[in-house]
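Okay, structure first, notes after.
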Amino acid sequence: MNFKQKWQSQLCYLLLASSYFIFGKLLTVFAFQDQVLPIWLPAGAALVGVFIWGWRFVPGLALASAAFNWTTAHGWSVVALSLPNAIEVCVIAFGAVLQALVGGYLLRAWLGHPLHLQSRLHIGYFIGLIGIAINLISANVGVFALSFYHPEYSFANHWNNMLAWWLGDSLGVLIATPVLLIALQPWLTKTKKLHNVASTFAACSVLCLSVALTTFLYNQNNLKSAHINAQREVQIIENIIYRYVNQSMLAIQALAHQLQAREQFSRLEFEQIAKSLKTQYTFLRALSWNERIDLSQRAQLNKQLAELYGDDIDIKGEPLIQSDPLVVVKYITPLNGNLGALGFNVFSKNNRKQAIIKADKTTEPQASDIIYLVQDSRPSPAYLLFSPVFKPSSSSDKYEIKGYATAVVQVETLLGEALRQAQAQLFNIAFYDISNNDVFYKNFSSDQLIDEHNKKIITLFFAGKKWRMELSAKDEYTSRQNHKLTLMLLILQLSITALIVYILLLFNYQHHALNALVEQRTRSLAQAKSQSDRANQAKSRFLANMSHEIRTPLNAVIGFASLASATQNSWELRDYIEKIGSASKTLLNLVNDILDIAKIESNHLQIDAHPFDLQALFSRIDTMFSSNAQQKGIAWQIIHNLPGPTWVIGDEMRLEQVLINLCSNAIKFTQRGSVMLDVEVEYGTKQVALIIHVTDTGIGIEADKQLAIFNAFSQADNSTSRKYGGTGLGLAIAKELSELMQGTLSLKSQVGQGSTFTLTIKLLNSSAQSTQLEHVDTSKIHCLQVLVAEDNPVNQLVIKAMLSSFDIQHTVVANGQEAIEAVKHHHFDIILMDCQMPIMDGYQATAAIRQFKNADELPIIALTADVMPEDKAHALAIGFNRHLAKPLERDKLAICLANYC
């Protein structure tokens, strides 16, 4: 980019470099941490400078960045000049320069002028990549330098500080870049005219002010909220400290109660009790039994100690007063590290003596002053808890003390666990023993101090002792509370700013975008209309084909039914009935095809793999089509290399359905010549590979229509259905079934020469199965008492006629409720239950009957047109014994009833 005058370029260079420093200083008033600002407009100035001048802007940018960071951290003085401080400033300046170079050269070499972007995608790239993503460079480099060299920063907060820096830079780039480019526009040559200049300039200015002021006010409010939260946290810390010190009292009371319950107890029994408590309470350093005796019993106890631990152990520690009793450590757990305490007279130490005396008076656990354990590598603070254990006495008002259950509570473990649970890491906390005003525990290092102006003082009372807890929130706590909420605000502001800038930049090419959109929508509408027209044509052809295919067998049914009603000749009547049955089966096959394609498209069709004989399958195909081909005057031939019965595992019915569809199509479309079914069998160790060719010399299929014929409701052309009939479902079903069986179906065809359909499928080998058919005797079904639940009058007549033809006694009811009443008052051997009936359907009636009649006592057969697999499974789950599909056939009904004679 070039300026109209050289002096204009030089002046703008100085202004942009100076604005980096000036804007930075003005914005520091909004900083929520030194050198981390909520909006950093200089980042936008740096980007614009590199975009205009390229690498030539680097010296001015580096100097301005270094000057700002030095004066912000160390003021205008050079007294603090040192190598670490100089490196910190230079690294931050390097990050700012690197970020500006990457963003500026991406604009120069790729995206172009930010106010003349060519598409919405380019605007998205500018905002997402240049305006947001690239700002991670300066944020990471700058925060790393501050964390390494600046005492107020730590690597633990690197990501929080980086996020704040990144958000500030992103807001600065998005807001400052358009404003600066608009301001420089009049002095630049060969630039396109800008649209909406005033609105863009005003919007960016308002965004800048709103972000800065909102963040500042929000930051101040959050500081107040942080102090309130700190007060709440202090109360939580106090409560948890009390809970833990009270646990130490509960622990020693538990030991005392268990010892109280035993008149005598051995060292082993004590150790078992103590180990259990130490496992439960980790802060217990040691537990001991301190036996109370008179001076006259000293020799006797020395003897016991010698028997327990050897001659090296005897009573030590003389009474402070001659009349004092001896309180001697007899048992202690763990013994390792505490052997020197055995035999020690606790009463010989005044502070422990006073705690024991208080325990005698109050009969409750009492604590000693803080002591320091010397067994560790460094003395660690602890306190002793004494709980009196009394001898059994018949007098209720006089208690004689047998000894004291004693616990050594390690303060660092107790308070450490308590403060961790209280999440008090963001507070400096110190504990004082009021008796000597010494600090015995603190959670901060020696180079940190409690803030005397904001510290809280809490006095803790427990077990006859007073501790003082002093705490103050760390600067990190206040900044973190403020930081998190402010970051959320900045993220929201960045999202809004990015959206507004996106809209503003969008206005600059609005007319072009709208025209392109109109053209695209026009083409889309034309394409959609074309697709809709084709869909309507396909629907019309399908409806016409379905109408023809359904009307043809219906015409035969209705016509032959009317002829049958007019004839008296029994031979003619039988012929009419046979033709009515044939037409009905044709109609049923058509419905089954529609159901199959529906199940395939809804992924509900399942393959039923079972053993079957390939030779038997091809024999049935041969028998089925040889007569049809002979009647049509064409040759029919099956060729295969099967040596004999060949048993495999697969879905015999679906494979046969595919072959029937292919062979019937081949015969239908062949007027002269031949149809051949050629089977190639390749035997493997585990499976058999079948390559089945169905070849005809029929009309053939054009190359551009060979893929379409495998689509549902499709044929080669409209005249095909008119001349040869058919719905166009057969090949679609064959194709889908082949793929469901993990096979392939392909086609080779030439118009006028014929077609070859090739089915390739692999089936698992199987051992030979018994082919003996199960014999069902239907001669005894006349003795059954049958209840029929059917609401349709015509269906009632059909089922009554079928049952009467077997001389079966039957009762017919019209709904499920009547069926339940009939079962309650009469005996039936079996129920034929329709599933869809008014008042109460068959499912509800069957569920009710199964409450008092199980499946063995009273079989119930479902009669329904619902033939989907899930319908059958649902019927069996309800309580039906079997499922018979409508339309009902007399022979299948007889076989079903014969199973329950």
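In the set (1) within 15 Å of Tyr331 (Cα to Cα); (2) assigned to a loop (DSSP other than H, G, I, E, B), the condition left unmet by Asp311 is number (1). Any residue in segment 836-847 that is at pLDDT 90 or above and touching a Ser or Thr at 6+ places or on another chain (Cβ under 7 Å)? Within segment 836-847, not a single residue is at pLDDT 90 or above and touching a Ser or Thr at 6+ places or on another chain (Cβ under 7 Å).
Taking the criterion of being in contact with a helix residue (DSSP H, G or I) (Cβ under 9 Å, 6 or more places away or on another chain), under 25 Å from Lys800 (Cβ atoms) and not hydroxyl-bearing (Ser, Thr, Tyr), the residues of segment 852-864 that qualify are Lys853, Leu858, Ile860, Ile861, Ala862, Leu863.
Conditions tested, residue by residue: (1) surrounded by 20 or more Cβ atoms within 10 Å (Cβ to Cβ); (2) farther than 18 Å from Ala251 by Cα; (3) touching a strand residue (DSSP E or B) at 6+ places or on another chain (Cβ under 6 Å); (4) touching a residue at least 12 places away in the same chain (Cβ under 8 Å).
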| site | (1), (2), (3), (4) |
| --- | --- |
| Tyr331 | yes, no, yes, yes |
| Pro334 | no, no, no, yes |
| Lys361 | no, yes, no, no |
| Arg378 | no, yes, no, no |
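Exactly one residue among Leu832, Leu858 is in contact (Cβ under 8 Å) with a residue 12 or more places away in the chain and assigned to a loop (DSSP other than H, G, I, E, B), and that residue is Leu858. Tell me, please, whether a residue that is hydroxyl-bearing (Ser, Thr, Tyr), in a helix (DSSP H, G or I), over 30 Å from Ile733 (Cα atoms) and at pLDDT 70 or above can be found in segment 580-602. Checked segment 580-602: no residue is hydroxyl-bearing (Ser, Thr, Tyr), in a helix (DSSP H, G or I), over 30 Å from Ile733 (Cα atoms) and at pLDDT 70 or above. When Ala405 is tested against the conditions (1) among the aliphatic types (A, V, I, L, M); (2) at pLDDT below 85; (3) assigned to a strand (DSSP E or B), the lone failure is (2).
Name the one entry in Leu677, Leu659 that is crowded, with 19+ Cβ neighbours inside 10 Å and touching a residue at least 60 places away in the same chain (Cβ under 8 Å). First the steps, then the outcome.
Details: Leu677 fails: touching a residue at least 60 places away in the same chain (Cβ under 8 Å).
Among Leu677, Leu659, only Leu659 is crowded, with 19+ Cβ neighbours inside 10 Å and touching a residue at least 60 places away in the same chain (Cβ under 8 Å).
Residue-level check: of (1) over 19 Å from Thr811 (Cα atoms); (2) assigned to a loop (DSSP other than H, G, I, E, B); (3) in contact with a strand residue (DSSP E or B) (Cβ under 7 Å, 6 or more places away or on another chain), Lys872 misses just (2). Return yes when Asp533 is modelled with pLDDT of 75 or more, in contact with a Ser or Thr (Cβ under 7 Å, 6 or more places away or on another chain) and surrounded by 10 or more Cβ atoms within 10 Å (Cβ to Cβ) and no when it is not. No. No other residue among Val813, Val751 is in the same structural domain as His610 (by TED's automatic domain parsing) and either modelled with pLDDT of 90 or more or loosely packed, with under 14 Cβ neighbours inside 10 Å (or both) apart from Val751. Within segment 103-119, being at pLDDT below 85 and within 41 Å of the chain's Cα centre (by Cα) holds for Leu117, Gln118, Ser119.
Restricting attention to segment 256-281, the residues that are touching a residue at least 60 places away in the same chain (Cβ under 8 Å) and under 17 Å from Asn338 (Cβ atoms) total 3.
Within the group Gly310, Gly340, which residue is surrounded by fewer than 15 Cβ atoms within 10 Å (Cβ to Cβ) and under 30 Å from Glu417 (Cβ atoms)? Before you say what the answer is, go through the steps one by one.
Working: Gly310 fails: under 30 Å from Glu417 (Cβ atoms).
Result of the check over Gly310, Gly340: Gly340.
The values are calculated or read from the model by the stated rules, or taken from the named source; none is laboratory data. Since the structure is predicted, the reported quantities are computational estimates derived from the model, not experimental observations. Using ideal geometry, Cβ is built from the backbone for each residue, glycine included, and neighbour counts are taken over all protein chains shown.
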